[in-house]
Amino acid sequence: LRARSLLADARLFVRGVEIEIRSEDPQAKMERAFQTLVEKVHVNLGMLRGVAYSENEIGKFLAQGNDGLLGGGDTNLTEAEQEILNYAQANARTGVRTTVKAILERFERKPYGWSYAAILCTTASLIGRGKIEARQDGSPLEGDVLQRGLQNSHAHSNIVLELQVEFTPAQTRKLKEFYGEFFDSQPAGLEGKALGLETAEAFAALKSELAVLEAQSPRYPFLAALVEVQEAVREVTGKPYAWYVQELGHHDDCLLDLKESVLEPVRRFMGGSQKKIYDEARTYLSDQGANFGYGGDDKAGAIRAVLDDPNCFKGNPIQQMKGTLDSLRAEVDSRIVAERKAALSEVGALREKLQALPEYSALTDLNRREIEAGLAGVLETIENSSLIPVIRERVNGFKSTAYPALLSRVTTPVPKPAGETAGVGEERQGFRGSESPAPTPPPTEYVAATALRVAYAKPFLADERDVDAYLDILRETLIAEIRAGKRVTV
């Protein structure tokens, strides 16, 4: 009671000046006295305008600069934000680094007395508004990484706050115009930093697009023209946002020229009908190359020249080439049909000769089906072949190998069991003959006339004497084969 009475009657001084607080309740008197002390010492506490801040709101203040509702002028800053910005500007003028820890130490003390959360949220608001930017180890901090750094007290001494570069309206306008012209779209950012970051992202995406196109250069050799574009884009990729606002203007003419002369034509080519025509032509030349020696080689050469032209993606040479390709395809298809028809006719004639042999009618049904299956296989191969050399090779192979084998199979007699050929005298004497088949007669060997080698000395026939000499040697060759027990197919 004595203590309460003494406190109630005590004289109180704040900063050397006595204050008048009338209250019989010592606790209420002390609370009012300390409130007066706070008001007298922390004179800038009112800059917070009585707002209660929380560390959980740091992310909200960081993001407020991206909502497009807040302008970039200093008139939009609160009194507390302007005070922290003034402190950072003063440090920048004297060459002193401003860290988050330094800001906390300054504004927690008198004459401010701001709370820990209020200082962090106000600093985050300045970052979100684009007035200052945070860096750690020389690298910019943004987004979730920055938010985690502000909420981690151990990282405050390593987070450096720097004043954002001020851009002139002319610089911002020029970059915006370049962005719209080069990337064919309008940027979402309105102020310098957002516009610079968006430009950096657009160039990074373009670099990836060019890498994808470059990977297709083995199939499309003309994509080598993108090398110069890649070098120019690589030179301006990965720069700080301020560089795009202040320095990109030194490169914009070159970039726009490359876009107009190379990049856009390549994009139109690879994304339109020309690519389809190009693929069609290259595939056709590859698949049908063996046929061009029999006709259409001049057209194929003209098409190949267009495909190999490093500038074929420019203009309309590919569309013009389409007519030549259609003409070549029609000519080649016509020759294939004629070649196939002649081959089928030739094999069919040999088939008719085979079936006309007396031995053919004596064959069993099974043997005839097997022979017909062999003939059908040859005919099917010819029907399905789209290459003239393959058709001719198949016919020649049939004439020189398969057809003689079929003739031999037809004309070679089938042995009968010995019991069916035993003599009558043997039966009368009680001999019924052996149960084993009679010895198989050797098959008749056939050789194609085209497979015979005529040993004629000259490489050509020049007169009647040469013809007579060649025929004499051919006659001797044929007779030699027949004397050797062979038959010659013609």
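The values are calculated or read from the model by the stated rules, or taken from the named source; none is laboratory data. Just so we're clear, the structure is a prediction, and the values are computed from it rather than from any experiment. Here the Cβ is made from the backbone with ideal geometry for all residues, glycine too, and neighbour counts use every protein chain on show. Remember, those area values only see protein heavy atoms, side chains included, never the ligands or the DNA or RNA. Shrake-Rupley method; radii C 1.70, N 1.55, O 1.52, S 1.80 Å.
Just a yes or no: is a residue in the stretch 45-66 in contact (Cβ under 8 Å) with a residue 12 or more places away in the chain, exposed (fewer than 15 other Cβ atoms within 10 Å of the Cβ) and touching a Pro at 6+ places or on another chain (Cβ under 7 Å)?
No; the residues of the stretch 45-66 include none that is in contact (Cβ under 8 Å) with a residue 12 or more places away in the chain, exposed (fewer than 15 other Cβ atoms within 10 Å of the Cβ) and touching a Pro at 6+ places or on another chain (Cβ under 7 Å).
What are the residues in the stretch 34-78 that are among the small types (G, A, S) and either modelled with pLDDT of 90 or more or closer than 27 Å to E142 by Cα (or both), if any?
First, the residues of the stretch 34-78 that are among the small types (G, A, S): 46, 50, 52, 54, 59, 63, 65, 68, 71-73.
Within the stretch 34-78, A52, S54, G59, A63, G65, G68, G71, G72, G73 meet the criteria.
Give the residue that is least open to solvent (accessible area, probe 1.4 Å), with candidates limited to residues of the stretch 474-490 that are outside any helix (DSSP H, G or I) and farther than 19 Å from A402 by Cβ.
Initially, the stretch 474-490 is screened for residues outside any helix (DSSP H, G or I), giving 484-490.
Among the residues that remain, those that are also farther than 19 Å from A402 by Cβ are: 484-485.
Working: A484: 69, G485: 51 Å².
Going through the qualifying residues, I end up with G485.
Okay, residues lined up against (1) of a type in the set (D, E, K, R); (2) over 18 Å from S408 (Cβ atoms); (3) exposed (fewer than 12 other Cβ atoms within 10 Å of the Cβ):
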residue	(1), (2), (3)
R340	yes, yes, no
A343	no, yes, no
E359	yes, no, no
L363	no, no, no
V378	no, no, no
T381	no, yes, no
S386	no, yes, no
P389	no, yes, no
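Exactly one condition in (1) closer than 27 Å to L354 by Cβ; (2) at pLDDT below 80; (3) aromatic (F, W, Y) is not met by F398; state its number.
Condition not satisfied by F398: (2).
Condition check ((1) over 30 Å from R49 (Cβ atoms); (2) open to solvent by less than 20 Å² (accessible area, probe 1.4 Å); (3) assigned to a loop (DSSP other than H, G, I, E, B); (4) basic (K, R)) across all residues:
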site: D144; (1), (2), (3), (4): no, no, no, no
site: G149; (1), (2), (3), (4): no, yes, no, no
site: S157; (1), (2), (3), (4): no, no, no, no
site: F167; (1), (2), (3), (4): yes, no, yes, no
site: Q171; (1), (2), (3), (4): yes, no, no, no
site: K174; (1), (2), (3), (4): yes, no, no, yes
site: E181; (1), (2), (3), (4): yes, no, no, no
site: G196; (1), (2), (3), (4): yes, yes, no, no
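Answer yes if at least one residue in the stretch 124-136 is modelled with pLDDT of 90 or more, within 30 Å of R15 (Cβ to Cβ) and either open to solvent by 50 Å² or more (accessible area, probe 1.4 Å) or among the aliphatic types (A, V, I, L, M) (or both), and no otherwise.
Scanning the stretch 124-136, I find no residue that is modelled with pLDDT of 90 or more, within 30 Å of R15 (Cβ to Cβ) and either open to solvent by 50 Å² or more (accessible area, probe 1.4 Å) or among the aliphatic types (A, V, I, L, M) (or both), so the answer is no.
Among the residues of the stretch 281-336, what is the count of those that are in contact with a Pro (Cβ under 9 Å, 6 or more places away or on another chain), among the aliphatic types (A, V, I, L, M) and open to solvent by 30 Å² or more (accessible area, probe 1.4 Å)?
So the count comes out to 2.
Would you pick out the residues in the stretch 360-417 that are of a type in the set (S, T, Y), within 20 Å of A448 (Cα to Cα) and in a helix (DSSP H, G or I)?
Here is the first cut: in the stretch 360-417, the residues of a type in the set (S, T, Y) are 360-361, 364, 381, 385-386, 400-401, 403, 408, 411-412.
Those left that are additionally within 20 Å of A448 (Cα to Cα): 360, 400-401, 403, 408, 411-412.
Across the stretch 360-417, the qualifying residues are Y360, S400, T401, Y403, S408, T411.
Helices (runs of 4 or more DSSP H) wholly in the stretch 244-356 with at least 1 residues that are of a type in the set (V, I, T), under 30 Å from I371 (Cβ atoms) and at pLDDT below 95 - which ones? Talk me through it step by step, then tell me what you get.
Details: elements: 252-258, 264-270, 273-288, 297-308, 317-356.
In the stretch 244-356, 317-356 are the helices (runs of 4 or more DSSP H) which contain 1 or more residues that are of a type in the set (V, I, T), under 30 Å from I371 (Cβ atoms) and at pLDDT below 95.
Restricting to the stretch 133-179, what's the tally of residues that are touching a residue at least 60 places away in the same chain (Cβ under 8 Å), closer than 15 Å to K193 by Cβ and of a type in the set (V, I, T)?
Selection size over the stretch 133-179: 2.
Considering A117, A92, which residue is surrounded by fewer than 18 Cβ atoms within 10 Å (Cβ to Cβ), farther than 29 Å from G238 by Cα and in contact (Cβ under 8 Å) with a residue 24 or more places away in the chain?
Numbers: A92 fails: farther than 29 Å from G238 by Cα.
One residue alone meets the criteria, A117.
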